[in-house]
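Just so it is clear, none of the values below were taken in a lab; they were calculated from the coordinates. Remember, predicted model here, so these are calculated numbers, not experimental data. For neighbour counting, all protein chains shown are included, and Cβ atoms are generated from backbone atoms with ideal geometry for every residue, glycine included.
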């Protein structure tokens, strides 16, 4: 793929190796930290090829709406916010939604572990949005659409998932087969743009901030423990990755205490207090 003069490319290290024609390239190796705000709106033209961290970084750097090529189903293509970290605390800054979102199968050869993580993220976006005090008919429809895509994709990808299990999570699942996953991520992203995230995401942030656990895996840790409590059946989706054990040695009481410091946790329409939450999670 060739770039355009005057355009900044934001991407991963692996993507950088086969891109040409861009004046400048910014390689992203993880979620941005607070220092990136020093470059807020610095670049006129920005193209992003990557997952949530790449697209969030690009939106922060860009003065104008970016062009994005999503490689995971993170949902950041559909939101007017970018995530960054201030030490161990997750923060957000208001930005433009991307001008164009281009789903190109050339960039969608997703390793099995990334497919699992990004699926956990999409499901969590849906569950948080469905249980949000700010939910509307539109956001609920987006969530139901995303979950329907994931359920259908799960059945269609059964052989690939089995192969992934047998290969020990190392295989790449064919690019064309992941277009639906990106579509689901976009639907769920539209939902959180309206209804926001709350319980699941607030729980996940301390795992990332204090234990350096990736966002998708942090959500994957809590999903099986709390999805029934959130009163929506997603077992058929997350069971695709039943061999993919997400378990960590964490201080659960500290994690819950930190999660309860995020105001957005109280935007869930499910009543939550510390005692109940600990009982559910244990």
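If R₀ is 30 angstrom, what is the calculated FRET efficiency for the pair residue 64 and residue 152, using the beta carbon separation as r and rounding to 0.05?
Once rounded, the FRET efficiency stands at 0.25.
Give me 54, 246, 28, 46 sorted ascending by neighbouring Cβ count inside 10 Å, so fewest comes first.
Final ranking by Cβ density, sparse to dense: 246, 28, 46, 54.
Can you give the Rg to Rh ratio of the stretch 7-102, both from alpha-carbon atoms, with Rh computed by the Kirkwood formula? Before the final figure, lay out the partial values.
Working: Rg = 12.0 Å, Rh = 12.9 Å.
Here the Rg-to-Rh quotient is 0.93.
Can you tell which of 268, 212, 139 shows the greatest fluctuation in a Gaussian network model of the chain with Cα springs below 10 Å?
212
Between residue 278 and residue 14, 0.36 nm times their residue separation minus their Cα-Cα distance comes to what?
Value of the extension gain: 91.0 nm.
How big is the antiparallel share of DSSP beta bridges in the chain, given as a percent to the nearest 5?
35 percent
With both partners inside the stretch 7-102, how many of the DSSP beta bridges are antiparallel, as a percent to the nearest 5? Mind showing how you got there, number by number?
Numbers: 6 of 23 bridges.
Once the DSSP bridges in the stretch 7-102 are tallied, antiparallel ones form about 25 percent.
Mind pulling the angle between the C-alpha long axis of helix 52-61 and the longest principal axis of the chain? Nearest 10 degrees, somewhere in 0 to 90.
50 degrees
Going by C-beta contacts inside 10 Å, put 254, 230 in order with the fewest on the left. Could the numbers behind the result be given before it?
Working: 254 11, 230 20.
Fewest-to-most Cβ neighbours within 10 Å comes out as 254, 230.
Using only Cα atoms and rounding to the nearest 10 degrees, what angle (0 to 90) does helix 179-195 make with the longest principal axis of the chain?
70 degrees
Roughly what angle does helix 215-226 make with the longest principal axis of the chain, taking Cα atoms, 0 to 90 degrees, to the nearest 10?
20 degrees
Would you mind calculating the gained length between residue 89 and residue 211 on full extension (0.36 nm times residue separation, minus the Cα-Cα distance), in nm to one decimal?
Working: separation 122, 0.36 × 122 = 43.92 nm, distance 1.21 nm.
Value of the extension gain: 42.7 nm.
Relative contact order of the chain, please, whole-number percent, based on alpha carbon pairs below 8 angstrom and at least 6 residues apart.
That works out to 16 percent.
Take residue 270, project a point 7 Å from its Cα along the Cβ direction, then tell me which residues of the stretch 194-231 have their backbone nitrogen under 17 Å from it.
Within reach of a label on residue 270, which here means backbone N under 17 Å from a point 7 Å along Cα→Cβ, the stretch 194-231 contributes 196-205, 218-231.
In the set [x] 1, 6, 13, 17, 19, 17, 14, 8, 4, 1, 0, 0; [y] 1, 5, 9, 10, 8, 6, 5, 4, 4, 4, 3, 3, 3, 3, 4, 4, 5, 4, 4, 4, 3, 2, 1, 0, 0; [z] 1, 5, 9, 12, 13, 13, 12, 10, 8, 6, 4, 2, 1, 1, 1, 0, 0, 0, 0, 0, which value of P(r) over Cα pairs in 5 Å bins from 0, in percent was calculated from the structure you see?
Answer label, from the structure shown: [x].
Sort 35, 82 so the one with the fewest other Cβ atoms within 10 Å of its own Cβ comes first.
Numbers: 35 9, 82 27.
By the 10 Å Cβ count, ascending: 35, 82.
Using r as the Cβ-Cβ distance of residue 138 and residue 249, and R0 as 51 Å, what FRET efficiency do you calculate, to the nearest 0.05?
Calculated transfer efficiency: 0.80.
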